[in-house]
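Worksheet: the structure to be examined is printed underneath.
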Amino acid sequence: MTAQGKPRAESYVFAEGQYFGGKTSDTSLARTEFNEIIQVLAPPLAKQNYFPTKEVKDANLLLMVHWGTTRIFEDPLKESLVENTNRAFNEYRAVAEPKGIADPSVLNTAILDQRYESAGVHGAIARNAALLGYKTTLQREQHKLFPSPEEQTINEELREERYFIIVMAFDYQLLRKEKKSRLLWITRMSVRSPGNKFEQAIPAIAQAGAEVYGRHVDGLVRVKANARGGQVYLGDLKTVGPDHGAVPGAADK
């Protein structure tokens, strides 16, 4: 680190990572090319003393960039499940009240279907939490005695689609000379996609990371952005050990 608290100056080369397409048709995301993303990332990276290399072989870092949108769980039968549960409950009560007893099998089946739907939602939330760097913060909130406003906010954020860019910094010299992969730091940035366009959100996402690339930040950081008045959330901003692979979410597993 420098005297100003910034990482020491290092050179880098970009590498194209994984593209995550969502379930819904999104022309703004689909038509955005990798080169467009890295051109926007470069100026904010320079603010933290990371500069494009003049000679690829001499680069200190390999910055692998992953981008796309999260996927949410959408059950096409959700409304019918609710209707079936309500119908089964009313039928069970109509029989049980005058007789004092009724066969609960239909009601139990309807409730079980509802549980399967709920499990799908929670599974999607857990998957997105790991991908976007929410996992540690979410688990900390879940361990509290009562649901906290922060936990509710996080769940709401992860239930909707979010655009994201993940920058993973690897030791390039170690990779080039010894063929060993060592992850030095990772920054995950995301913004809600409903109401936004990916190509317009990229500058806000990139600028949000301008002060934190390569630095340790505990938990989530919310940054006001210009993506139509939204916020960019930065997750998992920290230096990590050498044993993680080049897959988003590896640092959280």
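Bear in mind these aren't lab numbers, they're just calculated from the coordinates by the rules spelled out. Worth saying up front: this structure is predicted, and the values here are computed from it rather than measured. Every residue, glycine as well, gets a Cβ built from its backbone with ideal geometry; the counts of neighbours run over all protein chains shown.
Which order, highest average first, do 210-217, 178-185 follow once you tally other Cβ atoms within 10 Å for each residue and take the mean per peptide?
Descending mean neighbour count gives 210-217, 178-185.
Taking the range 17-66, which trypsin sites (Lys or Arg not before Pro) meet the DSSP loop condition and have no more than 10 other C-beta atoms within 10 Å? Don't skip to the answer; put the middle values down first.
Numbers: sites: K23, R31, K47, K54, K57; in loops: K23, R31, K54.
Listed in order of number, the matching sites are R31, K54.
Which cross-chain or sequence-distant (5 or more) residues have an amide H under 5 Å from the amide H of L184, H modelled 1.01 Å from N in plane?
It is A169, F170, D171, by chain and number.
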